[in-house]
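> Pasting a structure here, questions to come.
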Amino acid sequence: MNYFSRSKTTSTESLIIFVFCVIKLSLHLIADKNSGFQADEFLHIETGKHLAFGYMEFPPLIGFLAFLQNLFQSNSIYVHHLLTHLAGILIIIYVAKTTIELGGKEIAIMITLSSIIIGPGFGRSQQLFQPVVFSQLFWVLNFYNLTRFVKYLDKKSLWGLTLFTFLVFSVKYDALFFVFGATSLLLFKRTREALVQLFFWKNFLVVLLLLTPNMIWQYLHHWPALQMFNRLYETQLDRISRLETLGHVLIAINPITSLLVVLPGVIYLSKTRNRIFQQLGIAILL
């Protein structure tokens, strides 16, 4: 298999993706019908009435998204989960597209998308109007563009990385972890030379420029995000063990997926000689 060739989606693969999108949306609509709002959602919905370049607990994009939903002037749970469900569908689509870029066919797509559908952590976090689901979406889109750049070394994928790095920073500060992982591009001669040839410092400056309003807001308000993180460590995070957190992650993914998909995937990435998988594996590890 030539992993460096351009990947195209077949009609069968498109049908599989469509079916999983329908399943995904149906499950969330059923959940909407049988539940109400989670408490934190009211905070995020309210930000749409108070647009700003920053908020104490999160970056500003959630406020803009809430503003768009508030234009409907409705208290319906379906309206306030509209963008959340759209994000969930896009996650399904781009996880599938990433699978295809990595050489996966129909069975690989079904296994991958089934892993999302049966993951309780994904079902819960992608149900609520909170920054989490949009952070997941932009991480997926970033990883899709990272995969394409490692394969093709093209300018389009690099600018895709630039755009979605800005967006993930605008919804959740855990974007720092993705950026740290993406530094793996500098560890390999092939991608490092491509970055230099494409003047990647321009992309870096664009992200900094786009993030400047939020940084100025944070500075003018004495860095409330850092104050919140410090407070969390004092009151909650100091009592959490890494082993316990890992256990919760495996449960959230679903133990079946953890044992049959994630673990074999990690083992494969640690042993493969394929350059694309090696580089992406190091990015994931970082």
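The values are calculated or read from the model by the stated rules, or taken from the named source; none is laboratory data. Please read all numbers here as calculations on a predicted model, not as lab measurements. The accessibility values were calculated without ligands, DNA or RNA, using every heavy atom of the protein model including side chains. Shrake-Rupley method; radii C 1.70, N 1.55, O 1.52, S 1.80 Å.
> So which lysines pass the test for LYS271, namely a Cα distance under 29 Å, with those fewer than 8 places away in the same chain ruled out?
LYS8, LYS97, LYS105, LYS151, LYS189
> Now a separate question. If you roll a 1.4 Å probe over segment 42-160 with all protein chains in place, what percent of the accessible area is carbon or sulfur?
The C+S portion of the solvent-accessible surface of segment 42-160 is 71 percent.
> Provide the three semi-axes, in whole Å and in decreasing order, of the ellipsoid equivalent to the chain as defined by the square roots of 5 times the Cα gyration tensor eigenvalues.
30, 25, 20
> Given the options GLN197, GLN236, GLN69, state which has the largest fluctuation in a GNM of the chain using a 10 Å cut-off (strictly under) for Cα springs.
Taking springs between Cα atoms under 10 Å, the residue moving most is GLN236.
> Skip the ligands, DNA and RNA, and give the accessible area per residue of the chain with a 1.4 Å probe, whole Å².
Normalised by residue count, the accessible surface of the chain is 57 Å².
> Mind checking which helices in the chain clear 18 Å along their axis (Cα) and have mean Kyte-Doolittle hydropathy of 1.0 or more, DSSP H runs only?
Helices passing the filter in the chain: 11-33, 82-101, 155-169, 200-220.
> Over segment 194-263, with every protein chain in place, what whole percent of the accessible area is carbon and sulfur at 1.4 Å, could you tell me?
After summing per-atom areas, the C and S share lands at 73 percent.
> Report the relative contact order of the chain, percent, no decimals, based on alpha-carbon pairs under 8 angstrom and at least 6 residues apart.
Computed over the chain, the figure is 21 percent.
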